[in-house]
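The values are calculated or read from the model by the stated rules, or taken from the named source; none is laboratory data. Nothing here was measured: the structure is a model prediction, and the numbers come from that model. Positions of Cβ are generated from backbone atoms using ideal geometry, with glycine treated the same way; all protein chains shown enter the neighbour counts. Heavy atoms of the whole protein, side chains included, go into the accessibility calculation; ligands, DNA and RNA do not. Shrake-Rupley method; radii C 1.70, N 1.55, O 1.52, S 1.80 Å.
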Amino acid sequence: MNRGYVLRIGLLLLTAILFAVALYMVFLYVPNIKDLRADRVFYFHVPVDWSAFLAYFVVFVSSIVYLRTRDTKWDMIATSAVEIGVVFNTLMLVTGSIWARPNWGTWWNWEPRLTTALVLWLVYVGYLLVRGYSSGREQAARLSAVIGIVGFVDVPIVFLSTKWWQLQHPGALVFETGGLDPTMLAALMVSLAAFTCLFFVLQIQRVSLKRAEAELQMLMDSTE
Amino acid sequence: MTFWKKVAAITWKDALTELRTKEVVFTVLVFAILVIVIFNFAFGTTSEAVALVGPGILWVTFAFSGVLSLNRAFIAEREAGCLEGLMAAPMSREAVYVGKMLGSFISMLVVEIVTLPVFAVFFNLDVFSLQLVVITLMATIGFVAVGTLFSALAVNTRAREMVLPILFLPIVVPVIISAVKASGLALTGGSWADVVQWLQIILAFDAIFLVVSFLVFGYVIEE
């Protein structure tokens with residue numbers, strides 16, 4: 001067994017353990033809070049958000065590196081991160097809505113963070129569409145790298161422009177006034193660690209799958 | 001030739017083609033008026049309704065007609081192998097970007113200059129204020145800065161004109177939000193201080209995307 005394989009199994013095990021601990025903490029360790037409903041979604045919602053942004057940041061950086069170096073490795077990293085990022089982004093919108101329904105009375109409102117998340121989702125779905133519409137690997141990589149850069153640069157401006165409406169998201173309350181109980185904070189941190197590891201597990205798996213696909217394609221081309 | 005002379009040559013080429021054929025501006029203009037008419041049926045024309053949705057209608061019209069004319073900017077180049085000629089020309093890709101962008105800017109401005117009075121007549125609004133002119137100019141710069149990049153990107157894909165709106169519209173969300181808000185203020189006699197607050201966002205968007213698009217444009221049309 002080579003070292004890369006051992007590391008991957010190790011990371012997978014770590015992720016599994018972290019998820020088990022996170023589940024225990026979220027559902028059994030954290031005390032009940034009376035005035036918040038569906039509050040346990042929070043422990044999944046925040047880590048999912050974080051993972052989506054982490055994924056998009058990876059896309060941004062590896063898109064720049066790809067355009068500079070033209071090494072397909074970076075394109076594989078970027079696309080894998082987009083695929084995972086869109087999944088986390090979708091989960092972000094879904095878990096956020098589940099939380100919002102009992103607490104705000106609606107599934108959705110056009111609050112800055114929600115709107116930014118939705119715009120991001122649209123941008124990166126567009127990224128995947130363009131890849132599908134491109135002819136040839138090299139072109140797909142080049143065009144989507146441009147979208148990966150432009151899309152990420154847009155995030156702060158979208159957020160700023162939507163921020164000047166009402167502010168209803170509980171983020172400010174949780175992180176700025178220190179309104180989070182120590183047990184809750186601990187559970188959140190473990191959950192954050194678990195989701196971060198999950199992102200890397202998925203990312204590594206997806207990249208190696210892409211590499212295998214490329215190798216297979218090369219073999220098939222050489223036998224023709 | 002200096003950089004700006006090359007840019008001017010491309011912009012002039014686009015302007016001249018447009019002057020001869022009058023294809024894009026007329027078609028887009030008819031489209032823009034149609035959008036206004038359709039919105040008129042969708043939302044009604046009571047003065048309360050107009051006050052509420054007027055600025056929104058205006059910017060949806062500009063954004064949609066922008067997509068239409070920006071698409072044309074590079075599809076026309078594609079038709080007779082012009083794009084290859086453009087790339088073989090002894091000039092940097094950046095000059096091509098700025099030239100094409102200015103060309104689109106001019107044709108969008110022409111459409112907007114004609115659409116605004118039509119909008120004013122149909123909805124009985126006073127649109128002739130310096131505030132609205134500044135907002136329109138700045139937002140249009142944002143539109144063409146991103147739109148030129150994505151138009152060149154879209155024309156290279158198999159789906160062509162389907163790609164541009166899908167990429168363009170989410171990215172320009174900040175411009176649309178700010179332009180709608182600022183125009184709303186301008187139409188109801190808001191102060192410059194309030195309008196400038198929104199103009200700051202458009203200005204930031206323009207600056208960032210002019211630079212970013214300028215830097216990455218070369219990667220889009222290389223082949």
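Results, tabulated for the structure shown:
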| quantity | calculated |
| --- | --- |
| Virtual spin-label span in nm between residue B:128 and residue B:48, 7 Å along Cα→Cβ | 3.1 |
| Electrostatic dipole magnitude of the protein assembly as shown [Cβ: Lys, Arg +1; Asp, Glu -1; Cα centre; debye, to 20] | 540 |
| D (Stokes-Einstein, µm²/s), Kirkwood Cα radius, the stretch B:140-194, 0.692 mPa s at 37 °C | 260 |
| Accessible surface buried once A binds B (1.4 Å probe; total of both sides; Å²) | 2700 |
| The stretch A:20-124: translational diffusion in µm²/s, Stokes-Einstein, Kirkwood Rh over Cα pairs, 20 °C, 1.002 mPa s | 140 |
| Dipole of the stretch A:1-74 [Lys/Arg +1, Asp/Glu -1 at C-beta], most positive-end residue of A:46, A:23, A:10 | A:10 |
| Length-normalised contact order of chain B in % [C-alpha pairs under 8 Å, at least 6 apart] | 26 |
| Packing rank of B:179-187, A:62-70, where each peptide gets the mean count of other beta carbons within 10 Å, highest leading | B:179-187, A:62-70 |
| Most to least accessible of B:155, B:24 (protein chains only, probe 1.4 Å) | B:24, B:155 |
| Alpha-carbon Rg/Rh ratio, for the stretch A:44-87, with Rh computed the Kirkwood way | 1.07 |
| By accessible area with a 1.4 Å probe, ligands and nucleic acids excluded, highest first: order of A:143, B:210, A:209 | A:209, B:210, A:143 |
| Heavy-atom accessible surface of the stretch A:64-116: percent carbon and sulfur, 1.4 Å | 67 |
| Ratio of the Cα radius of gyration of the stretch B:31-153 to 2.2 N^0.38 Å, where N counts its residues | 1.23 |
| Overall dimensions of the protein assembly as shown by Cα: Rg and Dmax, Å | 24.7, 77 |
| Acute angle (nearest 10 degrees) that the helix A:112-133 long axis makes with the longest principal axis of chain A, alpha-carbon atoms | 20 |
| Average accessible area per residue (Å²) across chain B - probe 1.4 Å, nucleic acids and ligands excluded | 43 |
| Among B:35, B:92, B:147 - extreme Cα towards positive end, dipole of the protein assembly as shown, charges at beta-carbon | B:92 |
| Calculated [θ] (222 nm, deg cm²/dmol) that DSSP helices of n ≥ 4 give over chain A, each run adding -39,500 (n - 2.57) | -28500 deg cm²/dmol |
| Probe 1.4 Å, accessible area per residue of the stretch A:59-103, Å² | 39 |
| Cα long-axis angle, helix A:72-104 against chain A (0 to 90 degrees, to the nearest 10) | 20 |
| Tilt relative to chain A, helix A:137-163 - C-alpha long axis, 0 to 90 degrees, to 10 | 20 |
| Residue A:5-residue A:163 pseudo-label distance in nm [points 7 Å out on the Cα-to-Cβ vector] | 5.0 |
| Positive-pole candidate from B:70, B:55, B:173, dipole of chain B, charges at beta carbon | B:70 |
| For chain B, Kirkwood radius (reciprocal of mean inverse C-alpha pair distance, Å) | 17.9 |
| Dipole magnitude (debye, nearest 20) for chain B, charges at Cβ of Lys, Arg, Asp, Glu | 300 |
| Surface/4 of the Cα convex hull for chain A, nm² | 15.0 |
| Chain B: DSSP helices with Cα axial extent of at least 24 Å and average Kyte-Doolittle hydropathy no lower than 1.0 | B:23-43, B:93-123, B:130-155, B:192-220 |
| Calculated FRET efficiency for the pair residue A:208/residue B:60, C-beta based, R₀ 56 Å, to 0.05 | 0.80 |
| Loop-resident sites, the stretch B:117-216, for chymotrypsin sites (Phe, Trp or Tyr not before Pro), counting at most 12 other Cβ within 10 Å (DSSP) | B:128 |
| Pairs of Lys in the protein assembly as shown closer than 13 Å at Cα, counting only those 8 or more apart or on different chains | 5 |
